[in-house]
Every structure is written in C-alpha cells, then in structure tokens.
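Down below is the structure, laid out as structure tokens.
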Amino acid sequence: MREMKQIVKHLVLKAFAFLFRDDGPKVVYYHDVGTSYTDMGTPIELLKAHVACARRMGFSFVSRLEDLNAPKKLLMCFDDGFRGLWDEQDYFFREGISPTVFIAVDLVGQSGYLTWDEIRELQRHGFVFQSHTWSHRPLTDVPDEELPHELAEAREAIGVELGHDPDMLCFPCGMHSQKVVEAAKSAGYRKLFASYPGCVASDELLVPRNLVQNLTAADFAHVIHGALCPLRNRYVRQHVR
Ligand SMILES: [Zn+2]
C-alpha cells in the first residue's frame, strides 16, 4: 500500500513538474539531518543527493532570503533546531551551504536539540537562526493574551542570546490565521514563513515553503521545478484557520 502511494506521488509530481513548470526562487525545508533525534530527519546521504541534484540542474543555494530573487535559486531551511545539524556541520561548511534554522526558545538545550553555545558557533559559520516562537505551540491554539510572549518576547530572547534581531518567524506546525499574522506583524516580524508550497515573491510578507525532507532525489527535482505549486490550496486548507 505504502509503495503504491509512493508510486502515485511520484507520478503526480512528475506530471505537475512537466505541466506547470516554475523555476522561480523557492524555499525548501527539512527538520533535521540524520534520524537520531527525530523521525522527521533526512538521512545525510539523501540530503547530499538533493544538493547534487539541484546543482546538476543549474540551481544554487543562497544564504539569505534577500538573495532569493531570481529563478533557480533555493534557500534551505530547517525547523526546530535538532542536533543533527551539529553532527553534520562539516558537510554544510564544505558545501558552502548556510541554512536558515528556526528555533523555539523552550526547545533550545533540551534533549535532541541544539544548545545556545552550539547555535552561536553555527551562526559564526554562517548559519542563520530565526524565531519559531517561544514554546512551539501552534499559534492558532494560543490565547490572545499569550501571543506577545510567543512572538515579541521570543524575538527579544533569541536576539539577546544571538546578538542579532530575529525578524523572521516560522509558524509552529505551519498553523496560522489572519489574527496570528497581524500579531506577528505588530511583534516586529518582517517575514512569516508558512508551510504551504510555492515560489517566493520578494514583496510578500508570507513566504511559502516546499517540504522536501522525505523526497527521493527524483521527486526533489520535480519539486524545485514547481511540482508542489498547484497543490498550494490543499496545504493552505490544512494550515490556515
Ligand atoms: Zn516546528
């Protein structure tokens, strides 16, 4: 059954990449490298295959969202700050890839997650760390009076630890609403990373992202050619209240 699903998924992605090809700039996102700390992790060999495949097709990885401004550019993101990034740091340095990592204040230093010292060390090597709120609760479940803690106070706390103002937010579990967007704006966030797929437009507050952590290299290739873009509304229905 699982194999059948894989085959169908592969065929759909292949067809969509062919029919709706869009090489516009994209964010691709993962949760971790390796599977020691979370079952959402991507084996290092698979990540290497994604990177090799992207480069073979003429795509390049940028380190800053601002540089995601032309076709065939990709920004690599990781959510949650799992420790696999620390274990595999040499791979990223060697490849010259500086991912953007979204961290939640409460999770830093917990078992399986990066510590502040490790985060600062990776930041020194070019990794970019941004906010994934304070507690990682889905923001659509957070009472109004606690939103400032999850948004503004998390931004401030991360800023104090890292010496830069994290003005980009990633919604935990992708969940958001118009109210959450407004609260994030008033908390000073400049860019809001969502969990629905698409290409990045530089003037938009919301940044779509394409989940690729479980994809074979062939399916990853289809996704960077825009195969998930036609499915955007399906993801929006799952994540936007
Ligand atoms: Zn998360």
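The values are calculated or read from the model by the stated rules, or taken from the named source; none is laboratory data. Since the model is a prediction, treat every value here as computed from it, not as a measurement. Methodologically, a virtual Cβ is constructed for each residue, glycine included, from the backbone with ideal geometry; neighbour enumeration extends over all protein chains shown.
Things worth noting here:
Table: residues versus (1) modelled with pLDDT under 95; (2) farther than 25 Å from ALA194 by Cα; (3) under 16 Å from the mean Cα position of the chain (by Cα).
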{"residue": "PHE82", "(1), (2), (3)": "no, no, yes"}
{"residue": "GLN89", "(1), (2), (3)": "no, yes, no"}
{"residue": "ARG94", "(1), (2), (3)": "no, yes, no"}
{"residue": "VAL108", "(1), (2), (3)": "no, no, no"}
{"residue": "GLY112", "(1), (2), (3)": "no, no, no"}
{"residue": "ASP117", "(1), (2), (3)": "no, yes, no"}
{"residue": "PHE127", "(1), (2), (3)": "no, no, yes"}
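- Set PHE20, PHE59: member being within 26 Å of GLY84 (Cα to Cα), away from the ligand (no atom under 16 Å from the Cβ), more than 17 Å from the chain's Cα centre (by Cα) and of a type in the set (A, V, I, L, M, F, W, C): PHE59
- Meets criteria (surrounded by 15 or more Cβ atoms within 10 Å (Cβ to Cβ), under 21 Å from GLY174 (Cβ atoms) and out of contact with any Ser or Thr (no Cβ under 9 Å at 6 or more places or on another chain)) for GLY81: yes
- Failed criterion for LEU151 (all others in (1) touching a strand residue (DSSP E or B) at 6+ places or on another chain (Cβ under 9 Å); (2) surrounded by fewer than 17 Cβ atoms within 10 Å (Cβ to Cβ); (3) not in a loop (DSSP other than H, G, I, E, B) hold): (2)
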